[in-house]
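Okay, so here's the structure we're looking at.
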Amino acid sequence: MINRLRRQITEYFIGKDAIVDNVLICLLAGGHVLLEDVPGVGKTTLAKTLAGATDCSFGRIQFTPDTLPSDVVGVSVYNMKTQEFEYREGAIMRQILLADEINRTSPKTQASLLEAMAEGSVTIDGIRHNLPNPFMVIATQNPIEFLGTYPLPEAQMDRFMMRLSIGYPDAESEIRMAKNHAEGKTTDSIQNVCTTADILAMKEQVQSVHVSDAVFGYIREIVQATRTEEKFELGASPRATIGITSAAKAHAFLQGRDYVKPDDVKAVAIPVLHHRIVLTSEARLHKEDIDRILDQLIFRVRVPKE
């Protein structure tokens, strides 16, 4: 089923198999994804294709400076006939939610996503409303535009399991995209290859993937190394330890195993850690690369024996 899902998604989202795997990891691990890249590289296509291939409901919020929290989470409206307040759903009541250009809206509206991302629910007028299951936020932002944007605070960045950058496609993939568009092959025609029940069943299997004490210790040592690195002003939080563990279990599942190896941890560590790190002012001045530093840190941490 995983292989069918991969094939269906890569028929429309072309040339980025590693990105597809990481998004599937987040879906099966119950995490959320931040896609940070220039316009036109397929961020929206990826979200719509994932929803279509899994038969999940899809919602999109185009964030602007005047977007209100009620546009996201919904609002209570007074019904004159019943003389009671009724909950009118916001765009968030979807299984796959595309939060497009999330850094263009105000911090108050950005914060309206926090409860949903952490607890799978929203609270309106003191009443809690559960979100559909599975629930996943795929947020996008443009890294090169700063005018009229509100950078996400560290607390909200920490809610995302992974930060991914898609990048430009190679020549062959870009030509194939153009041919698909010319032939009218769009995400509107995608067929689902699994159901929501299948996704929930796979999530349960991911939960049962075994993690040994040695691997738990290995994950914790990697996270601890980010807290003592002199080039980092802010290291990774305990939520990063949980995120790496969950992502490594999903990665092992995608590889057909029911146990986690150190290689699974290495495969997911940088996408999970990158956006949780803050460089010191001196490191920023010297244009240090977070991924390169993280790669060196992970290399120095002792790998547990089989």
Check: Picking from Gly256, Gly184, Gly126, which is most flexible by a Gaussian network model of the chain using Cα springs under 10 Å?
Finding: Gly126
Next item on the list: Quick one: divide the alpha-carbon radius of gyration of region 48-114 by 2.2 N^0.38 Å and tell me what you get.
Entry: 1.29
Next item on the list: Select from region 86-183 those chymotrypsin sites (Phe, Trp or Tyr not before Pro) which occupy a DSSP coil region and have at most 12 other Cβ atoms within 10 Å, ordered by residue number.
Entry: Phe146
Checklist line | Highest-MSF residue in the chain out of Ser106, Ser281, Ser121 [GNM, Cα springs under 10 Å] | finding: Ser281
Margin query: Can you compute the FRET efficiency between Ala18 and Asn180 using 1/(1 + (r/R0)^6), with r the Cβ-Cβ distance and R0 = 25 Å? Round to the nearest 0.05.
Written below: 0.75
Notebook entry, point to check: Which whole-Hz couplings ³J(HN,Hα) result when phi for each residue of region 237-253 is put into the Karplus expression 6.51 cos²θ - 1.76 cosθ + 1.60, θ = phi - 60°, listed in order with x for Gly and Pro?
Noted result: 8, x, 5, 5, 4, 5, x, 5, 4, 5, 5, 5, 5, 5, 5, 4, 4
Notebook entry, point to check: Between region 97-175 and region 190-254, what's the alpha-carbon centroid distance in Å?
Noted result: 19
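Tell me, in nm to one decimal, what length is gained between Met1 and Thr149 on full extension, where the rule is 0.36 nm per residue of separation less the Cα-Cα distance?
49.3 nm
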Next item on the list: Give the shape of region 187-306 as rounded, prolate or oblate, defined through the alpha-carbon gyration tensor: a ≥ b ≥ c are the square roots of its eigenvalues, a/c under 1.5 means rounded, and otherwise the shape is prolate if a/b is larger than b/c and oblate if not.
Entry: oblate
Checklist line | Label-point gap, in nm, between Asp295 and Asp198 - each point 7 angstrom along Cα→Cβ | finding: 3.6
Notebook entry, point to check: Taking the chain as a Gaussian network, where each spring joins two C-alpha atoms under 10 Å apart, which residue of Arg88, Arg257, Arg104 fluctuates the most?
Noted result: Arg88
Checklist line | Links that overshoot a 20 Å alpha carbon limit, given the list Lys231/Lys261; Lys231/Lys305; Lys231/Lys287 | finding: Lys231/Lys261; Lys231/Lys305
Note to self: With the cut-off at 1.5 for a/c, could you classify region 86-216 from its C-alpha gyration tensor as rounded, prolate or oblate?
What the structure shows: rounded
Notebook entry, point to check: Expressed in nm to one decimal, what extension gain is obtained for the pair Arg220 and Lys81 from 0.36 nm per residue of sequence separation less their Cα-Cα distance?
Noted result: 44.3 nm
Note to self: I'd like the FRET efficiency for Lys287 and Ser237, computed as 1/(1 + (r/R0)^6) with the beta carbon distance as r and R0 of 25 Å, rounded to 0.05.
What the structure shows: 0.50
Note to self: Over all directions, how big on average is the projection of the convex hull of the alpha-carbon atoms in the chain, in square nanometres?
What the structure shows: 18.5
Notebook entry, point to check: Size of the dipole of the chain about the Cα centre, Lys and Arg at +1 and Asp and Glu at -1 on the beta carbon, nothing else charged, in debye to 20?
Noted result: 380
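Readers should treat all values here as calculations from the given coordinates under stated rules, not as data from a laboratory. Note that the structure is a prediction, hence the values are computed from the model and not measured. Reconstructed Cβ throughout: ideal geometry from the backbone, glycine too, with neighbour counts over all protein chains shown.
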